[in-house]
Amino acid sequence: MLSAYQPVKLGDSRWALVAEMDQKEAFRGLNQLTQRLLLGAAILIPLLTLLSTYFARLFSRPINRLISGTRQVAAGDTDVNVPVTSEDEMGELTTSFNDMMQNLRQKDEKIQAQMVENNRLLLNVLPAPVAEQMKQGKEQIADTFPNVTVLYVEIEGFADLTLELSADGAVTYL
C-alpha cells in the first residue's frame, strides 16, 4: 500500500489529506510499459538481425563477384566478365574491372600475334631445330650435318650499307 500525506489549512483549523493506493494499481502503467518494451525488443531484435544480414549480403555480393573475378584472373583466365548490377560506386568499379579485363585481352591477343610473327621471321632465317634451341635460351648453337656446313656471319656496318644498295648490289659487294 502506498500513502501520500498533505496538510491542509482551512481557516483556523488544520486538516490533513491522506491518499492511499494499492501498489499494483500505482505501478500498473509502468508494468504495462515494461512488458510492451520487452515484447517489442523480443520482436525487433531478431527482425533487425535478419534485415541486417540480408543487407550485408546484398551489399557484399558485388564485392564477392569482383573477388571471384580477380581470383579467376590470378589463375590465368583472362576471359572474365563480372556482371554490373548497379549504377553506384560498386557498378563503376565493376565496369572499370571489365574494361581492364577487355584491355588485358586485347594486349594478350597482340602479344600472341607478335609471337607468331616473330616465330615466322625466325623460321625464315634459321632451320626449325636451331630456332627451337634459340627460343629455349641456348646462345651458342653448333650442329654438324654430313656433307654440309652452315656458317652465319655478321659483318659490322654491313646492315647500314645494305640500306643504300639493292639486293644485287649487296651480293656483288660481298
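The table for this structure:
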item	result
Correct choice for mean projected area of the Cα convex hull in nm² that was computed from the model, options (1) 12.3; (2) 29.3; (3) 18.8	(2)
Cα gyration tensor shape for the range 100-164, rounded if a/c is under 1.5, else prolate or oblate	oblate
Residue-count net charge about residue 59 - beta-carbon cut-off 13 Å; Lys, Arg +1, Asp, Glu -1	+1
Listed residues 158, 97, 27 arranged by accessible area, highest first, probe 1.4 Å	27, 158, 97
Segment residue 132-residue 13, length gained on full extension (0.36 nm per residue, minus Cα span)	30.1 nm
Among 113, 100, 49 - extreme Cα towards positive end, dipole of the chain, charges at beta-carbon	49
MRE, 222 nm, helices only [DSSP H, n ≥ 4, -39500 (n - 2.57), over the chain, to nearest 500]	-21000 deg cm²/dmol
About the Cα centre, charge dipole magnitude for the range 1-153 (Lys/Arg +1, Asp/Glu -1 at Cβ), debye	560 debye
Residue 30 versus residue 121: modelled label distance in nm, points set 7 Å from Cα along the beta carbon direction	9.4 nm
Using alpha-carbon coordinates, inclination of helix 28-74 to the longest axis of the chain, degrees	0 degrees
Qualifying lysines (Cα of each under 30 Å from Cα of residue 110; at least 8 residues distant if same chain)	135, 138
Positive-end residue of 30, 146, 17, charge dipole of the chain with Cβ unit charges	17
Apportionment of accessible area to carbon and sulfur, the chain, percent (1.4 Å)	58 percent
Rounded tilt (10° steps) of 89-125 against the dominant C-alpha axis of the chain	10 degrees
Heavy-atom surface of the range 1-158, accessible at 1.4 Å and reported per residue (Å²)	87 Å²
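The values are calculated or read from the model by the stated rules, or taken from the named source; none is laboratory data. Not measured: the values here are computed from a predicted model. Glycine gets a Cβ as well: all are built from the backbone with ideal geometry, and neighbour counts include every protein chain shown. Surface areas here come from the heavy atoms of the whole protein model, side chains and all, with no ligands, DNA or RNA. Shrake-Rupley method; radii C 1.70, N 1.55, O 1.52, S 1.80 Å.
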